[in-house]
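Q: I have a structure here, written as structure tokens, and I will follow up with some questions on it.
Derivation of every value follows stated rules applied to the coordinates shown; laboratory data play no part. Note that the coordinates shown come from a computational prediction; the quantities given were computed from them, not determined experimentally. Here the Cβ positions follow ideal geometry from the backbone for every residue, glycine too, while neighbour counts run over all protein chains shown.
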């Protein structure tokens, strides 16, 4: 097969495969979050980003590419649920640092464990070779589309 046709077939396969796979993963995360932990998918992502070091409303707004007032409102809900704590910044008193509470860490860990178990069950039917192919493919795609992100 000519290289150009191989490239087109690969692009088509990625575009046909990744959206429905990601939709199923998101659906599972959403179900676990809302049914078992009382958080929305967006709240889950906010908690995940705070855990990764996005520790201010401004940082979260930039990362999520949404307005600061919208993020501020979302953070207020997380604070009210006891999942996020605010503390003053020593450099700028107007900038409050966001931190996960121990309860938020428990919720994130439990949600991750639940989703990982679901994914393991889905992928258990694959052979070792197929699993390695999937893993290598995901690393290649991450390197192309999200270099520097782990």
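Q: Could you compute the FRET efficiency for residue 42 and residue 138, with r as their C-beta to C-beta distance and R0 at 25 Å, rounded to 0.05? Could the numbers behind the result be given before it?
A: Numbers: r = 24 Å, r/R0 = 0.97.
Efficiency at R0 = 25 Å is approximately 0.55.
Q: Can I ask one more? By counting other Cβ atoms within 10 Å of each Cβ, how are 118, 22 ranked from fewest to most? Please report the intermediate quantities before stating the final value.
A: Values: 118 16, 22 10.
Lowest to highest Cβ neighbour count: 22, 118.
Q: Order by neighbour count: 132, 114, fewest other Cβ atoms within 10 Å first, most last. List each step's numbers first, then the result.
A: Working: 132 11, 114 17.
Exposure proxy ranking, most exposed first: 132, 114.
Q: Here's something else I'd like to know. What whole-number distance in Å separates the alpha-carbon centres of the range 114-150 and the range 1-69?
A: Centre-to-centre (Cα) distance: 15 Å.
Q: Compute the Kirkwood hydrodynamic radius of the range 30-109, taking the inverse of the mean of 1/r over all pairs of distinct Cα atoms, and give it in Å to one decimal. Kindly include the intermediate steps, with their values, before the conclusion.
A: Values: mean 1/r = 0.0794 Å⁻¹.
After inverting the pairwise mean of 1/r, the radius is 12.6 Å.
Q: With no solvent and one point on each alpha carbon, what is the Debye value of log10 I(q)/I(0) for the chain at q = 0.22 Å⁻¹?
A: Values returned for q = 0.22 Å⁻¹ are -1.42.
Q: Then there's this: Taking the Cβ-Cβ separation of residue 27 and residue 87 as r and a Förster radius of 22 Å, what is the calculated FRET efficiency to the nearest 0.05? Spell out each step's value before the answer.
A: Numbers: r = 35 Å, r/R0 = 1.57.
Step by step, r from the Cβ atoms, then E = 0.05.
Q: Say R0 is 41 Å: what FRET efficiency, to the nearest 0.05, do residue 1 and residue 124 get from their beta-carbon distance? Before the final figure, lay out the partial values.
A: Numbers: r = 32 Å, r/R0 = 0.79.
My answer for the efficiency is 0.80.
Q: Report, in deg cm²/dmol and to the nearest 500, the calculated mean residue ellipticity at 222 nm for the chain, where each DSSP H run with n ≥ 4 adds -39500 (n - 2.57) and the sum is divided by the residue count. Don't jump to the answer; show the numbers that get you there.
A: On the way: 6 runs with 101 residues, N = 150.
-22500 deg cm²/dmol, from helical runs alone.
Q: Once both axes come from the Cα atoms, what is the angle between helix 3-31 and the longest principal axis of the chain, in degrees from 0 to 90, rounded to 10?
A: For 3-31 against the chain, the angle is about 40 degrees.
Q: While we're here: What list of whole percents do you get for P(r) of the range 101-142, with Cα-Cα distances grouped in 5 Å bins up to the one holding the largest distance?
A: Pair shares across the bins are 5, 21, 15, 19, 16, 11, 8, 4, 0.
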